[in-house]
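Below you'll find the structure, written out as structure tokens, and then a few comments.
The values are calculated or read from the model by the stated rules, or taken from the named source; none is laboratory data. Fair warning: this is a prediction, and the values are worked out from it, not measured in the lab. Virtual Cβ from ideal backbone geometry, glycine too; neighbours counted across all protein chains shown.
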Amino acid sequence: MSDMIPAAKPIVGDEEREAVDRVLRSGMIAGGPEVAAFEEEFSALVDGRHSVALNSGTSALHMAFLAAGIKSGDEVLVPSFTFAATANSVVLAGGTPVFVDIERDFFCMDPEAAEAAITPRTRAIMPVHLYGHPAAMDKYKEIANRHNLMLFEDAAQAHAASLHGVPVGAWGVAGSFSFYPTKNMTSGEGGMVTTPCPNIARRVKLYRNQGMEKRYENEVAGFNTRMTDIHAAIGRVQLTKLAGWTKQRQDNAKFLDDNLKGVVTPPVADGAVHVYHQYTIRVVDQDRDAFAAEIGKRGVGSGVYYPIPNHRLPSYGLTMDLPETELAAQQALSLPVHPSLSQADLEKIVEVVNAVSSAGA
Ligand SMILES: *Cc1c(COP(=O)(O)O)cnc(C)c1O
């Protein structure tokens, strides 16, 4: 349907096209000066932490775990209510994800539930800043200190979000970002590890490049998870636009907050800056999937993230009791909030959602 308001819409303009053309004409296509510049520029977003660019957000998570020494037998606490890459990256590094429930308001991992899940094998905690809302990192920092655990962040959805003035990606030993096309900024595909530790940055660089710092003097068995200069050039342009797009997402969210009725709109924690990767409501009085189908019929796209929590996916197949996770998997519905929405689009979203919610169960 041509007049459907899409749930997500990557924005790519002439500047990105020109940047790619510049790289193609230079003859240097693999990782080089554009990647180095992108890393340097991205560090400004994370209070000057080291940044290392990878070919995806999944690689960023994976290489960060390897670089920090996560290994077989190590348990890493992660939420179950997230994209599969969160837990998969623990497995890829040889560790064991231990799934933790979320808290009701912000859809992020519950710090109390996380602390209760700690065992003698627990090595690390990795909250996810889900939908662009920062997880309770102040509490996680305390828990990590108290139990001598490493603190990681899955910041794939949360570029430029912060809590109490500290940006996501700057709280722990390593943060990981994604530049997949639907994220708040894109490089085509891509990811970034951010870390305060020069040694972890060096080791991420080793793992992304076959284990080599010096050519043919491989130090570890590594991967090819490098970013190309083509992707970095796109990412650099997008980074300059991120602040404006984030403001637009926040303004769009405010309009929806102020005008939606009959659904639970997403609250923001004290001291948190939410960057609204998704604007996720809860549909509580009606069947969520029927609700989504009905607003779709009336021209409003939406997304269900995530209908099957990780612990119940065939890849993990665990039976555990995570009641808030199960509830969110049934109720969460993400409405369009992306920066390309017009005022007319926003008004249509409100009109359609309010009409469908008031039509009732
Ligand atoms: C997108 C995403 C990832 C993975 O990033 P890719 O760039 O797609 O590999 C990891 N975690 C979360 C929470 C994500 O949303």
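Do the conditions hold for V52, that is, is it in a strand (DSSP E or B), in contact (Cβ under 8 Å) with a residue 40 or more places away in the chain and in contact with a Gly (Cβ under 8 Å, 6 or more places away or on another chain)? If you could, list the steps in order and put the result at the bottom.
Details: in a strand (DSSP E or B): yes; in contact (Cβ under 8 Å) with a residue 40 or more places away in the chain: yes; in contact with a Gly (Cβ under 8 Å, 6 or more places away or on another chain): no.
It is false that V52 is in a strand (DSSP E or B), in contact (Cβ under 8 Å) with a residue 40 or more places away in the chain and in contact with a Gly (Cβ under 8 Å, 6 or more places away or on another chain).
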Selection from the stretch 59-74 of residues closer than 19 Å to W171 by Cα and either touching a residue at least 24 places away in the same chain (Cβ under 8 Å) or of a type in the set (S, T, N, Q) (or both) yields A60, L61, H62, M63, A64, F65, L66, A67, A68, I70
The residue that is farthest from P267 (Cα to Cα), considering only those in the stretch 138-180 that are more than 12 Å from the ligand (Cβ to nearest atom) and assigned to a strand (DSSP E or B), is M150
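Taking the stretch 178-192, which residues are crowded, with 24+ Cβ neighbours inside 10 Å and touching a Phe, Trp or Tyr at 6+ places or on another chain (Cβ under 8 Å)? Break it down into steps so the answer makes sense when it comes.
To start, the set of residues in the stretch 178-192 that are crowded, with 24+ Cβ neighbours inside 10 Å comprises 178-179, 184-185, 187, 190-192.
Hits for the stretch 178-192 are N184, M185, S187, G190, G191, M192.
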Note: among E40, E34, just one is more than 10 Å from the ligand (Cβ to nearest atom), in a helix (DSSP H, G or I), closer than 20 Å to A161 by Cα and not assigned by TED's automatic domain parsing to the domain that holds Y305, namely E40
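Please enumerate the residues belonging to the stretch 303-361 that are of a type in the set (S, T, Y) and assigned to a loop (DSSP other than H, G, I, E, B). Spell out how you get there, then give the answer.
Going residue by residue through the stretch 303-361, those that are of a type in the set (S, T, Y) are 305-306, 315-316, 319, 325, 334, 340, 342, 357-358.
Those that are of a type in the set (S, T, Y) and assigned to a loop (DSSP other than H, G, I, E, B): Y305, Y306, S315, Y316, T319, S340, S342.
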R49 passes all but one of the listed conditions (1) within 16 Å of the ligand (Cβ to nearest atom); (2) crowded, with 20+ Cβ neighbours inside 10 Å; the exception is number (1)
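Step by step: first the residues of the stretch 193-214, then only those that are among the basic types (K, R) and at pLDDT 95 or above, then the one that is surrounded by the most Cβ atoms within 10 Å (Cβ to Cβ). Which residue is that?
Taking the stretch 193-214 as the starting set, the residues that turn out to be among the basic types (K, R) are 202-203, 205, 208, 214.
After this cut, where a residue has to be at pLDDT 95 or above as well, the list is 202-203, 205, 208.
Numbers: R202: 15, R203: 25, K205: 21, R208: 28.
So, considering only residues that are among the basic types (K, R) and at pLDDT 95 or above, the one surrounded by the most Cβ atoms within 10 Å (Cβ to Cβ) is R208.
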By residue number, the members of the stretch 58-106 that are farther than 20 Å from P314 by Cβ, within 11 Å of the ligand (Cβ to nearest atom) and either in contact with a Phe, Trp or Tyr (Cβ under 7 Å, 6 or more places away or on another chain) or not assigned by TED's automatic domain parsing to the domain that holds R121 (or both) are A60
Note: among A113, A135, just one is buried (at least 24 other Cβ atoms within 10 Å of the Cβ) and either away from the ligand (no atom under 16 Å from the Cβ) or among the aliphatic types (A, V, I, L, M) (or both), namely A135
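Of the residues M212, M192, M185, which is touching a helix residue (DSSP H, G or I) at 6+ places or on another chain (Cβ under 9 Å), of a type outside the set (D, E) and assigned to a strand (DSSP E or B)?
Details: M212 fails: assigned to a strand (DSSP E or B); M185 fails: assigned to a strand (DSSP E or B).
Within the list M212, M192, M185, the selection yields M192.
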Checked against (1) at positive phi; (2) more than 16 Å from the ligand (Cβ to nearest atom), G188 satisfies every condition except (2)
